[in-house]
Amino acid sequence: MTNNAGRRKSDSEVTSCFCHRFGAIAVLKGFVTIDEVKTAIMDQVEDDLSGREHRLLGNILLEQGLITDQQIETVMNELQKQL
């Protein structure tokens with residue numbers, strides 16, 4: 001994903017645009033539960049507050065084995081339709 005200047009957006013910039021919608025779409029599609037999204041968001045915030053590298057919500061869910069690459073792609077395609 002790039003911005004108008006042509007450089008890649010940081011993960012935190014992407015999160016500010018898509019985090020909550022990503023989780024909502026993933027739940028609506030039946031890929032994950034609300035509780036799994038809440039836990040992933042808490043992990044994301046904990047990382048940020050602890051000074052660790054920011055992780056995208058989909059990547060956290062993937063690392064936890066709760067979502068697949070294909071499901072992430074499906075959610076991202078849905079997000080792109082909404083832009």
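The values are calculated or read from the model by the stated rules, or taken from the named source; none is laboratory data. Bear in mind the structure is a predicted one, so any value in this text is a computation, not a measurement. Cβ sites come from the backbone with ideal geometry, for glycine too, and all protein chains shown count toward neighbours.
A few comments on the model shown:
- Enumeration of residues in the stretch 56-83 that are within 12 Å of Arg21 (Cβ to Cβ), part of a helix (DSSP H, G or I) and without any contact (Cβ under 8 Å) to a residue 12 or more places away in the chain: Gln80, Lys81
- Index of the failed condition, Glu53 passing every other in (1) at pLDDT 90 or above; (2) among the acidic types (Asp, Glu); (3) assigned to a helix (DSSP H, G or I): (3)
- Enumeration of residues in the stretch 46-83 that are surrounded by 10 or more Cβ atoms within 10 Å (Cβ to Cβ) and of a type in the set (A, V, I, L, M, F, W, C): Leu56, Leu57, Ile60, Leu61, Leu62, Leu66, Ile67, Ile72, Val75, Met76, Leu79
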